[in-house]
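Visitor: Once you've had a glance at the structure underneath, I'll fire off some questions.
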Amino acid sequence: MAQSLLKETSIKLYFQNGVKENGDPQLISKTFNLVKATAAPDQILQAADSIESIVKFPVHSVTKHESYDITR
């Protein structure tokens with residue numbers, strides 16, 4: 001039977017650094033690795049808010065990524 005083992009958790013913050021000609025937000029992103037697998041969504045957003053307070057652009061959105069090793 002196959003098993004999965006959590007290998008790594010990261011978050012990606014998307015910052016709005018302008019507006020495109022069509023009115024859509026222009027985004028840049030930064031990935032932060034070594035996020036605790038047990039971090040709750042509220043904790044992740046709190047971290048994003050803290051990061052936002054020291055950078056030039058506002059946070060537009062946050063995504064959480066999990067990487068797994070799949071074995072037999």
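The values are calculated or read from the model by the stated rules, or taken from the named source; none is laboratory data. Keep in mind that what you see is a predicted model, and the values were worked out from it rather than measured. Here the Cβ is made from the backbone with ideal geometry for all residues, glycine too, and neighbour counts use every protein chain on show.
Visitor: If residue 45 satisfies all but one of (1) surrounded by 13 or more Cβ atoms within 10 Å (Cβ to Cβ); (2) part of a loop (DSSP other than H, G, I, E, B); (3) within 13 Å of the chain's Cα centre (by Cα); (4) of a type in the set (A, V, I, L, M, F, W, C), what's the number of the condition it fails?
Guide: All conditions pass for residue 45, except number (2).
Visitor: Residues of the stretch 54-72 being more than 21 Å from residue 26 (Cβ to Cβ) and either within 12 Å of the chain's Cα centre (by Cα) or among the small types (Gly, Ala, Ser) (or both), which ones?
Guide: 64, 65, 66, 67
Visitor: Right, something else. Restricting the stretch 25-43 to residues that are modelled with pLDDT of 95 or more and of a type in the set (A, V, I, L, M, F, W, C), which is farthest from residue 9 (Cα to Cα)?
Guide: 27
Visitor: Can residue 11 be described as surrounded by 11 or more Cβ atoms within 10 Å (Cβ to Cβ) and not in a strand (DSSP E or B)?
Guide: When the stated conditions are applied, residue 11 does not pass them.
Visitor: Quickly run through the stretch 48-59 and pick out the residues that are out of contact with any helix residue (DSSP H, G or I) (no Cβ under 6 Å at 6 or more places or on another chain) and either outside any loop (DSSP other than H, G, I, E, B) or within 20 Å of residue 8 (Cβ to Cβ) (or both).
Guide: Within the stretch 48-59, 48, 49, 50, 51, 52 qualify.
Visitor: Another question, then. Need pairs with beta-carbon distance below 8 Å; first residue touching a residue at least 24 places away in the same chain (Cβ under 8 Å) and within the stretch 51-72, second surrounded by fewer than 12 Cβ atoms within 10 Å (Cβ to Cβ) and among the charged types (D, E, K, R); sequence gap 6+ or separate chains.
Guide: Every condition considered, the pairs that remain are 59/49; 67/7; 68/7; 69/7.
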